[in-house]
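Beneath this line is the structure, given in structure tokens, with notes to follow.
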Amino acid sequence: MSTAMNFSSKAFKPRAPDKGSFPLDHFGECKGFKDTFMKCLRDNSFDNSMCRLQSKDYLQCRMDNQLMAKEPLEKLGFADLKESSPSPEDKDAKE
């Protein structure tokens, strides 16, 4: 049996990962956010529409820790979720 090494003249060109592919969180920087999101999914029969806030927080953590490319949250489908919602105390202070 003969094994031939066939090297083509093309050089290997690395390319960026496909959208949606991102590094694993080896150091657990977003583990708390992931665990909260997964618990929410389990508690809601894996209906992800019930866990959008937890999903947004998890993706924001990944972007903040450079585990995925920064994207506007609106582009990720979270335009209806505001960055910070006023607390009830803030609302009472204005009245």
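Structure above, values below:
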read-out: One residue from Lys75, Lys70 being among the basic types (Lys, Arg) and farther than 20 Å from Asp25 by Cα; value: Lys75
read-out: Residue check for Lys75: basic (Lys, Arg) and open to solvent by 50 Å² or more (accessible area, probe 1.4 Å); value: yes
read-out: Lys10, sole failed condition from (1) at pLDDT below 95; (2) of a type outside the set (S, T, N, Q); (3) open to solvent by less than 100 Å² (accessible area, probe 1.4 Å); (4) farther than 21 Å from Ala79 by Cα; value: (3)
read-out: Flag for Met38 being more than 14 Å from the chain's Cα centre (by Cα) and free of Cβ contacts under 8 Å to residues at least 12 places away in the same chain; value: no
read-out: Qualifying residue in region 37-48 (condition: among the basic types (Lys, Arg), open to solvent by 70 Å² or more (accessible area, probe 1.4 Å) and at pLDDT 90 or above); value: yes
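The values are calculated or read from the model by the stated rules, or taken from the named source; none is laboratory data. Computed from a predicted model, the values in this text were never measured in an experiment. Counting neighbours? That spans all protein chains shown, and the Cβs are built from the backbone with ideal geometry, glycine included. Accessible surface is based on the protein model in full, side chains and every heavy atom, while ligands, DNA and RNA are left aside. Shrake-Rupley method; radii C 1.70, N 1.55, O 1.52, S 1.80 Å.
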